[in-house]
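Have a look at the structure that comes next, please.
All of the numbers you see were taken from the coordinates with simple rules; none came from a lab. In this text, all values refer to a predicted model and were calculated from it rather than measured experimentally. Neighbour counts are summed over all protein chains in view; Cβ atoms, including those assigned to glycine, are modelled from backbone coordinates with ideal geometry.
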Amino acid sequence: MAGINLQGQRFGRLTVIEENGRRSNQILWKCLCDCGKECSTIGQLLREEKTRSCGCLLIERRKEIRKTHGQADSPLYRVYRAMRNRCENPNVKSYQHYGARGIKVCERWHTFENFYADMGNRPEDGTLERIDNNGNYEPSNVRWATKKEQANNKRNNRIYVSSDGTEKNMSQWAKELGISPSGLQARIRRGMIQDDAVNKPAPKNLKKPNAKYTDDDIRTIRKLCLTTSNIKIAKMYGVSATSIYHIKIKQTYQDIL
Ligand SMILES: [Zn+2]
């Protein structure tokens, strides 16, 4: 077989020009590709149709595959993959907050093209936000938000309960008070107990105890703080984690031992 003269023959895009030395005792053939590049390969690969171009065919094929949705490495595709992973891949960390909570990606969005058609390109700094935080990833429940917006929304959707039992989220409280949600946030950050923050103008003494707790509550909370996170305890009592923190560090209720 080694002696067959391939000169002038065509294999795929390649036309054999001439012998071009040897590799591992096999003749190398210099070929001209239709794209204009020259390359050398052995006769066996040509005859078995394993080499059919200078390499340009493979590059085109890869481009083609990428073109099927055009976005294999795009920011949008990364957002899409991350969404699917959160909901469907127990090996990713965030799965516990999504898939494990029963949050799904709708059937339609199991195809990237449909997701792209519904959501369009990712705006700069855009993140996917679900309108209903317990709802699925589906066209009616997802919009693009900027990272800043999303952080604000998460915070502003947090429910605060006043001492008379009124439940409102931060945005609603802020609206009622006629101040901005960030203004209300700032009040709470400064250590104002939540009931004052949402109901009253800033009191002079921020360490004023909140009448909501009994003395026993305070003792129980301080004991719980040794083993349980502020957030968990806050949920049990329907109050903010900040409020629990202040009890823990005795910024409030100093007198209760
Ligand atoms: Zn070529």
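Which ³J(HN,Hα) values, rounded to whole Hz and listed in residue order, are derived for segment 240-257 from phi using the Karplus coefficients 6.51, -1.76 and 1.60 in 6.51 cos²θ - 1.76 cosθ + 1.60 with θ = phi - 60°, glycine and proline given as x?
Whole-Hz 3J(HN,Hα) from phi for segment 240-257: 7, 5, 4, 4, 5, 4, 5, 5, 4, 8, 6, 6, 10, 6, 4, 6, 8, 10.
Once the piece of chain linking Cys225 and Ile131 is laid out straight, how much longer is it, given 0.36 nm per residue of separation minus the C-alpha distance between them? Provide the component values of the computation, followed by the final result.
Numbers: separation 94, 0.36 × 94 = 33.84 nm, distance 3.32 nm.
Between Cys225 and Ile131, full extension yields an extra 30.5 nm.
Label segment 75-153 by shape, choosing from rounded, prolate and oblate, from the square roots a ≥ b ≥ c of the eigenvalues of the Cα gyration tensor; if a/c is under 1.5 it is rounded, and otherwise prolate applies when a/b is larger than b/c, oblate when it is not.
Working: a/c = 1.43, a/b = 1.14, b/c = 1.26.
The shape class here is rounded.
If R₀ is 30 angstrom, what is the calculated FRET efficiency for the pair Glu113 and Lys154, using the beta carbon separation as r and rounding to 0.05?
0.50
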